Amino acid sequence: MKPTGIYGLMAEFDTADELVDAGRKAYSEGYRKLDAYSPFPIEALDEAIGIPHTILPWLVFFGGLLGGAAGYSLEYWTQVIHLPFIIGGKPLHSWPNFIPVWFETTVLGASLTAVIGMLGLNGLPLPYHPVFNIDEFLNHAQKDKFFLVIESKDPRFNLDSSKKFLSSLSPANVWEVPN
Amino acid sequence: MPSLLDQQNAEPGVDDLSKPGVSPPVIAPGYDFAQVTDKIANVVLTTRTPWSWIAGFLIAFGIMNILMLAVGYLFVKGTGIWGINIPVGWGFAIINFVWWIGIGHAGTLISAILLLFKQSWRTSINRFAEAMTLFAVCCAGMFPLIHTGRPWLAAYWLLPYPNTMTLWPQFRSPLIWDVFAVSTYLTVSFLFWYTGLIPDVASLRDKAKNPIAKFFYGIMSMGWRGSARHWHRYEYAYLLLAGLSTPLVLSVHTVVSWDFAVSVIPGWHTTIFPPYFVAGAIYSGFAMVLTLAIPIREAYNMKDFITDRHLNNMAKVMLATGLIVGYGYMTEAFFGWYSANKYESFMILNRMTGPYAPTYWALIFCNIITPQALWFKKVRSNVPLLFVISLIVNVGMWLERFVIVITSLHRDFLPSSWGLYHPTIWDWATYIGTLGLFITLLFLFIRVLPMISIFEVRALLPQAKVKAEA
């Protein structure tokens with residue numbers, strides 16, 4: 001339930017340090033529906049705003065297993081079951097010869113999972129997002145400024161007190177982000 | 001969590017410059033986030049295309065049309081227009097395939113292996129090195145396709161698909177391993193390149209004024225907004241891709257070398273082939289990166305991002321891999337003698353003194369003697385000289401593949417079946433045409449996409465450093 005018709009409140013910072021600091025304070029204030037925006041990855045934000053560890057590595061692991069299984073099954077089925085054909089006196093199931101293709105399909109499955117999984121977990125592609133309603137965000141978020149957003153979905157969100165809290169973090173600007 | 005940022009921050013900052021024995025920073029001092037973004041993005045977003053770009057593109061495009069002609073004629077006449085025959089059934093097609101694939105390997109090495117080894121200097125060269133990989137693999141892929149002469153009839157033994165003859169590819173053959181290795185390599189290289197591009201394309205999207213450009217970059221960036229939660233998964237995905245690409249790139253040239261080593265032809269049937277091929281691939285790839293980086297940084301005034309330190313480091317990698325390749329040549333000669341196999345020893349002798357001896361000695365000159373100059377710091381910091389050396393190494397690595405393929409095939413076990421191989425004008429036209437294709441693609445890439453990774457360069461700046469405790 002959104003208490004107001006807005007997506008949340010956005011504060012702008014000039015440096016990465018200020019953003020990390022503000023994120024940490026907002027988190028310790030009890031805000032959980034938080035997000036930070038920066039023009040490059042900032043490791044310290046993960047801990048500052050409490051980003052849970054991603055399950056992506058596990059997805060990639062299983063993606064690799066699946067790719068490898070698919071590759072090996074293809075080899076086994078075509079060479080042993082569907083078209084048994086003896087070449088150079090080798091056994092039908094000549095597994096050492098099946099390793100390279102199995103390896104390549106494993107890497108392929110894992111890599112595709114890494115990229116598609118990353119995009120999927122991030123909810124991308126997403127053509128519209130409320131943060132783009134703020135012009136300053138549009139002009140600087142992918143360039144040189146740092147933003148902290150408290151979503152209105154947060155149970156502790158209150159337009160006035162949250163705005164007061166964000167202003168206390170000495171940001172360059174604070175905006176209400178329309179939905 | 002392993003961080004891209006930590007390693008980059010470990011780089012000496014501007015303040016450390018005065019200390020002796022400290023390398024200069026990989027990015028020239030004095031830039032801020034906005035300036036970095038503008039400098040790299042403006043190359044793409046400008047409405048004025050430099051005349052040098054137009055001229056270069058037209059020349060490259062013209063050369064690419066030679067390829068169209070050569071391939072068109074090939075499809076009409078068949079592979080008889082090439083110089084191949086018995087005993088030399090593998091000619092330019094395989095030479096060029098191996099050469100191009102090898103060139104691609106440096107891109108993956110720079111983007112993946114150097115990332116894992118925390119070499120932050122890779123950051124300003126990885127983007128176009130990855131593009132180079134992609135385009136080199138495209139050129140390489142041309143040859144296995146067209147060497148069949150009638151590629152539309154050849155699909156069933158290259159790719160496993162249910163066909164009316166109910167036949168399947170032969171999975172015990174290195175040739176089918178090659179199909180899987182190269183197509184996987186192309187796909188993963190594309191994924192790596194594209195993943196790296198997403199945040200940068202988002203920067204272009206927000207900066208672009210032209211609605212068409214905005215739309216195009218908007219689609220490509222998938223709505224990237226730089227959220228910390230996204231960055232967290234993004235960094236993991238990027239690191240995992242690097243970890244996956246590293247064994248992949250080693251496997252690709254290993255499989256390529258098996259195309260040779262699994263046969264019984266003298267000079268091919270040796271266990272040294274996989275490492276020797278991989279080292280050669282990286283060697284030629286770094287030569288190509290230098291060949292491209294030197295003119296690009298000159299033309300686009302990118303010397304603050306692609307610094308002399310980059311060129312110096314690349315020259316060192318070239319020297320190291322060149323020495324491994326040289327060791328490979330010595331080992332081949334040693335095998336010839338030590339095996340006490342008369343076919344092996346004849347092959348080496350024939351290689352050094354037979355009808356193709358000039359190519360062998362030219363290759364020794366290009367690949368072993370010339371790069372020794374790179375021991376000297378003076379040479380490594382002399383940019384024009386470095387450019388010339390990189391060109392010589394490119395030629396040398398092409399000659400290496402020529403020597404391996406042709407000298408082994410033209411005189412094998414039975415003197416009655418010996419013969420000579422002469423490339424025809426169509427062989428040359430196809431080869432030169434792929435150079436045109438490669439350069440055309442590079443020109444297009446430089447015009448429409450950021451040639452240097454903007455977000456990674458931002459993270460390299462000293463102001464990106466976050467204090468441990470706020």
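Summary of values
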{"item": "Heavy-atom surface of chain B, accessible at 1.4 Å and reported per residue (Å²)", "result": "39"}
{"item": "Cα-based helix-to-principal-axis angle, B:33-45 vs chain B, degrees rounded to 10", "result": "50"}
{"item": "Exercise: per-residue mean of other protein chain Cβ atoms within 10 Å, A:118-131", "result": "6"}
{"item": "Pairwise FRET efficiency - A:LEU65 versus B:ASN341, Cβ, R0 = 45 Å, nearest 0.05", "result": "0.55"}
{"item": "Estimated [θ] at 222 nm from DSSP helical runs (n ≥ 4, -39500 (n - 2.57)) normalised by residues in chain B, nearest 500", "result": "-22000 deg cm²/dmol"}
{"item": "Added length on full extension, which subtracts the Cα-Cα distance from 0.36 nm per residue, B:TRP53 to B:PHE117", "result": "19.5 nm"}
{"item": "Rounded Å value of the spacing that divides the Cα centres of the stretch B:176-221 and the stretch B:282-326", "result": "24"}
{"item": "Amide H contacts of A:ALA172 (H built 1.01 Å from N, under 5 Å, at least 5 apart or other chain)", "result": "A:GLU12, A:PHE13, A:ASP14"}
{"item": "Positive minus negative residues near B:MET314 (Lys, Arg vs Asp, Glu; Cβ under 13 Å)", "result": "+4"}
{"item": "Principal-axis tilt of helix B:126-146 within chain B, Cα atoms, nearest 10 degrees", "result": "30"}
{"item": "Average other protein chain Cβ within 10 Å of Cβ, residues B:100-109", "result": "0"}
{"item": "R0 of 30 Å, Cβ-Cβ distance B:ILE272-B:LYS316: FRET efficiency to nearest 0.05", "result": "0.80"}
{"item": "Label-point separation in nm, B:TRP428 to A:TRP58, each point 7 Å along Cα→Cβ", "result": "6.2"}
{"item": "Neighbour count of at most 14 Cβ within 10 Å plus DSSP loop: longest chymotrypsin sites (Phe, Trp or Tyr not before Pro)-free window in chain A", "result": "A:1-84"}
{"item": "The protein assembly as shown: C-alpha pair distances exceeding 49 Å, %", "result": "20"}
{"item": "Radius of gyration and maximum dimension Dmax of the stretch A:1-138, Cα, Å", "result": "24.3, 76"}
{"item": "Dipole moment magnitude, nearest 20 debye, the protein assembly as shown about Cα centre, only Lys, Arg, Asp, Glu C-beta charged", "result": "800"}
{"item": "Inter-probe distance in nm under a simple model that places probes 7 Å from Cα toward Cβ, at A:LEU126 and B:TYR161", "result": "3.7"}
{"item": "Cα long-axis angle, helix B:211-221 against chain B (0 to 90 degrees, to the nearest 10)", "result": "70"}
{"item": "Carbon and sulfur %, accessible surface of the stretch A:56-121 computed with the full protein complex present, 1.4 Å", "result": "81"}
{"item": "The stretch A:56-121 pair-distance distribution - Cα-Cα, 10 Å bins, rounded %", "result": "24, 39, 22, 12, 3"}
{"item": "Listed residue (B:ILE369, A:TYR27, B:ASN382) projecting farthest to the positive dipole end of the protein assembly as shown, Cβ model", "result": "B:ILE369"}
{"item": "Accessible area of chain A divided out per residue, in Å², using a probe of 1.4 angstrom", "result": "46"}
{"item": "For chain B, the spread of Cα positions along each principal axis, largest first, Å", "result": "79, 57, 44"}
{"item": "Förster radius 60 Å - calculated FRET efficiency between B:ILE265 and B:PHE216 (Cβ-Cβ, nearest 0.05)", "result": "0.75"}
{"item": "Computed Kirkwood radius, in angstrom, where 1/r is averaged over Cα pairs of the stretch B:89-233", "result": "17.9"}
{"item": "Helical contribution to [θ] at 222 nm, DSSP H n ≥ 4, -39,500 (n - 2.57), averaged over chain A, rounded to 500", "result": "-14500 deg cm²/dmol"}
{"item": "For B:183-195, mean number of other protein chain Cβ atoms within 10 Å", "result": "4"}
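The values are calculated or read from the model by the stated rules, or taken from the named source; none is laboratory data. Please read these numbers as outputs of a predicted model, since none were measured by experiment. Virtual Cβ from ideal backbone geometry, glycine too; neighbours counted across all protein chains shown. Side chains included, ligands, DNA and RNA excluded: accessible areas come from the protein's heavy atoms. Shrake-Rupley method; radii C 1.70, N 1.55, O 1.52, S 1.80 Å.
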